[in-house]
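Structure first, then comments.
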Amino acid sequence: MKILIIGGVAAGTKAAAKLKRENRDLDITIIAKDGDISYAGCGLPYYIGGFIEDRSSLIVNTPQKYAAMTGVNVLTNVEAIAVDNNNHTVIAKNLITNEEASYAYDKLIIATGASPITPPIEGNKKTRCILFTPS
């Protein structure tokens, strides 16, 4: 059975790992828009604030390490642009080469996360982050 997962990080990688633990014969592919599939999100404020200097310190698993550990095929910098439910395919675009490819599936998991709601308050469009530290 071919399982295609759109999205990495917590939900996509956890779903893939659990499915592989239950059935090693599953053919599972993750396509992720970003280059990273697993990072310590709780450390982002420390990185932005300069307490963690090297961004790579936040990377929990590289795509290569995760694939070797789980047997899951991981494709990064690949964005799903269309889902054809009738033909069980996803059209995706490689964000580096701009090439499009079709990925067949028997089961599809969409684990892309969500975008936060931005409240209509003054200052919500600012691009600078102010770090408050205890005195």
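Here residue 50 passes the criteria (1) without any contact (Cβ under 8 Å) to a residue 12 or more places away in the chain; (2) out of contact with any Pro (no Cβ under 9 Å at 6 or more places or on another chain); (3) part of a loop (DSSP other than H, G, I, E, B) except the one numbered (1). Does residue 4 satisfy being touching a Phe, Trp or Tyr at 6+ places or on another chain (Cβ under 6 Å), hydrophobic (A, V, I, L, M, F, W, C) and in a strand (DSSP E or B)? Spelling it out, residue 4 is indeed touching a Phe, Trp or Tyr at 6+ places or on another chain (Cβ under 6 Å), hydrophobic (A, V, I, L, M, F, W, C) and in a strand (DSSP E or B). Kindly establish whether residue 96 is exposed (fewer than 13 other Cβ atoms within 10 Å of the Cβ), more than 14 Å from residue 6 (Cβ to Cβ) and among the aliphatic types (A, V, I, L, M). Answer is yes for this residue. Residues considered: 50, 41, 35. Of these, the only one that is surrounded by fewer than 12 Cβ atoms within 10 Å (Cβ to Cβ) and under 15 Å from the mean Cα position of the chain (by Cα) is 41. Looking at residue 30, is it in a loop (DSSP other than H, G, I, E, B), among the aliphatic types (A, V, I, L, M) and under 16 Å from residue 111 (Cβ atoms)? So residue 30 fails the test. Do we have any residue at all in the range 56-65 that's within 16 Å of the chain's Cα centre (by Cα), surrounded by 13 or more Cβ atoms within 10 Å (Cβ to Cβ) and modelled with pLDDT of 95 or more? Looking through the range 56-65, none of the residues is within 16 Å of the chain's Cα centre (by Cα), surrounded by 13 or more Cβ atoms within 10 Å (Cβ to Cβ) and modelled with pLDDT of 95 or more.
Taking the range 28-45 as the range and being in contact with a strand residue (DSSP E or B) (Cβ under 9 Å, 6 or more places away or on another chain) and of a type outside the set (A, V, I, L, M) as the test, the residues that pass are 29, 33, 34, 35, 36, 38, 39. Do we have residue 60 as free of Cβ contacts under 8 Å to residues at least 24 places away in the same chain and among the β-branched types (Val, Ile, Thr) here? Here the answer is yes, as residue 60 does meet what is asked.
Within the range 10-27, being in a helix (DSSP H, G or I), in contact with a strand residue (DSSP E or B) (Cβ under 8 Å, 6 or more places away or on another chain) and surrounded by fewer than 19 Cβ atoms within 10 Å (Cβ to Cβ) holds for 15, 20. Just one residue in the set 89, 112 is under 12 Å from the mean Cα position of the chain (by Cα) and polar (S, T, N, Q); that residue is 112.
The values are calculated or read from the model by the stated rules, or taken from the named source; none is laboratory data. None of the values given here were measured: they were computed from a predicted structure. Cβ: placed from backbone, ideal geometry, glycine included. Neighbour counts: every protein chain shown.
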